[in-house]
Amino acid sequence: MSSSQGYHLGLTGWPLGHSLSPVLHQAALDALGLAGEYSLYPAPPLPEGRERLVELLDQMRTGRLDGLNVTIPHKQTVVPLLDRLTSVAQTARAVNTIYREDGKLVGDNTDVPGFLADLHSFLSGVRLSNQKALLLGAGGAASAVGVALAQEGWQVTIAARRLEQAEALSLRMALLGIEPPGAILLDGNTLRQHLGVSSNCLIVNATPLGMSPRDSETPWPERLAFPPGAAIYDLVYNPRETRLVRTAHKAGLPARNGLGMLAEQAALAFERWTGRSAPREAMWEALSTNEHGLAGII
Ligand code: NAP
């Protein structure tokens, strides 16, 4: 429900850079003829940023703000400051969207269903003969992706440059009653050994490798062929064609960037806040024509 002067929405995190979220949400408000704005509220990491976070949540409680997105480094740190979590946020142990319900602040996670919606669209044109996934990275986004995949019955292996981080994510998922993923090191030798069991698999990049301005990087070792029949989903969307996506296309494999996930998690957050169906076409159109190019992060 909006306050009298329209919807006051925003994003908190640090740093926020040229976030694409204002572009997406303003396009949605405009397309539906709703008054309001979407602003950036930088809040440094804790402990310095705690006061700012508390103040923003107070604005949510008192109706001066109608909806808040949360990004790095607050997706977990905001949890104890909320009244309740949706089950998906509880499972992912991370919040990217906060809304008000019956005077209470609810933490939700739209990255999980946002990823799944775009993955389904991607895989509708791709034939994978099994449900095996190799997840590169074990940070916040990997956690959302791992939960999403495991809940849909995928057999997941997590590859991280710190084995203990991959093992910790696997353990967390096991504690939630989700099929615990395998955990391996993200390095050339280990991936080579893993190739035998990863043909026809889905590879998801949830590391920032390849993200502008470090476009020349890739999480997949340079001299290692992709598993035969693999499909590649790169959460990175800036640049639009990452080196990983380009190499996969050159190898004749289907590959997609994370722009669709970005748009869908925003659409779902917009729906939580306004109760209206998000104008996805207008949001997508705004993404393709925005003045910042793709220099933003959510
Ligand atoms: P994060 O929590 O910092 O996790 C990043 C992961 O990548 C960690 O496992 C990290 O390992 C690993 N990593 C970082 N640098 C690496 C390197 N040089 N070599 C190997 N592994 C490395 O970040 P995040 O929130 O998960 O975000 C990851 C990426 O996903 C970002 O590019 C972000 O923009 C993108 N993302 C996209 C969407 C979307 O809607 N498309 C949504 C969320 C995130 P260490 O802990 O050892 O550094």
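Once the piece of chain linking GLU164 and ALA282 is laid out straight, how much longer is it, given 0.36 nm per residue of separation minus the C-alpha distance between them?
38.2 nm
Can you give me the angle between helix 280-289 and the longest principal axis of the chain, using Cα atoms only, in degrees from 0 to 90, rounded to the nearest 10?
Roughly 80 degrees between the two axes.
Springs between alpha-carbon pairs under 10 angstrom, Gaussian network model over the chain: which of ALA263, ALA286, ALA35 fluctuates most?
ALA35
What accessible surface, in Å², does a 1.4 Å probe find on GLU285, ignoring ligands, DNA and RNA and rounding to the nearest 10?
About 110 Å², ignoring ligands and nucleic acids.
With the Cα gyration tensor of segment 9-142 in hand, give its eigenvalues times 5 under a square root as the equivalent ellipsoid semi-axes, listed largest first in whole angstrom.
28, 19, 15
Okay, helix-only estimate at 222 nm for the chain: each DSSP H run of n ≥ 4 adds -39500 (n - 2.57), divide by all residues, round to 500 deg cm²/dmol; what do you get?
Helix-only estimate at 222 nm: -11000 deg cm²/dmol.
Cross-link candidates for LYS250: which lysines have Cα within less than 29 Å, leaving aside residues fewer than 8 places away along the same chain?
Those lysines meeting the cut-off are LYS132.
Among MET173, VAL126, GLY229, which residue has its Cα furthest toward the positive end of the charge dipole of the chain, with +1 on Lys/Arg Cβ and -1 on Asp/Glu Cβ?
The residue sitting most towards the positive pole is GLY229.
What is the distance in Å between the Cα centres of segment 62-77 and segment 78-148?
Answer, in whole Å: 16.
Rounded to the nearest 5, what % of the DSSP beta bridges within the chain are antiparallel ones?
So the antiparallel bridges in the chain amount to around 20 percent.
May I ask for log10 I(q)/I(0) of segment 178-298 at q = 0.11 Å⁻¹, from a Debye sum over the Cα atoms as equal point scatterers with solvent left out?
-0.46
Between LEU185, PRO73, GLY33, whose Cα lies farthest towards the positive end of the dipole of the chain when Lys and Arg beta carbons carry +1 and Asp and Glu beta carbons carry -1, centred on the Cα centre?
LEU185
Using only Cα atoms, locate the centre of segment 1-49 and the centre of segment 222-269, then give the distance between them in Å, rounded to an integer.
If you average the Cα positions of each part, the centres end up 27 Å apart.
What's the ranking of 205-218, 16-29, 177-190 by average number of surrounding C-beta atoms within 10 Å, highest first?
My ranking of the peptides, most packed first, is 16-29, 205-218, 177-190.
May I ask for the angle, rounded to the nearest 10°, between helix 111-123 and the longest principal axis of the chain, with both axes built from Cα atoms and the value confined to 0 to 90°?
Roughly 50 degrees, rounded to the nearest 10.
Please identify every one of the trypsin sites (Lys or Arg not before Pro) in segment 19-76 that sits in a loop by DSSP and has no more than 16 other beta carbons within 10 Å of its own beta carbon.
Qualifying residues, ordered by number: ARG64.
Please name which of SER288, PRO208, VAL54 has its Cα lying farthest along the dipole of the chain towards the positive end, using unit charges on Cβ (Lys, Arg +1; Asp, Glu -1) and the Cα centre as origin.
PRO208
When DSSP beta bridges are limited to those with both residues in segment 1-145, what percentage is antiparallel, rounded to the nearest 5?
40
The values are calculated or read from the model by the stated rules, or taken from the named source; none is laboratory data. The shown structure was predicted, so the numbers you read here are calculated from the model rather than taken from an experiment. No Cβ is skipped: glycine too gets one built from the backbone with ideal geometry, and neighbour counts run over all protein chains shown. Note: accessible area is taken over every heavy atom of the protein model, side chains too, but ligands, DNA and RNA are not part of it. Shrake-Rupley method; radii C 1.70, N 1.55, O 1.52, S 1.80 Å.
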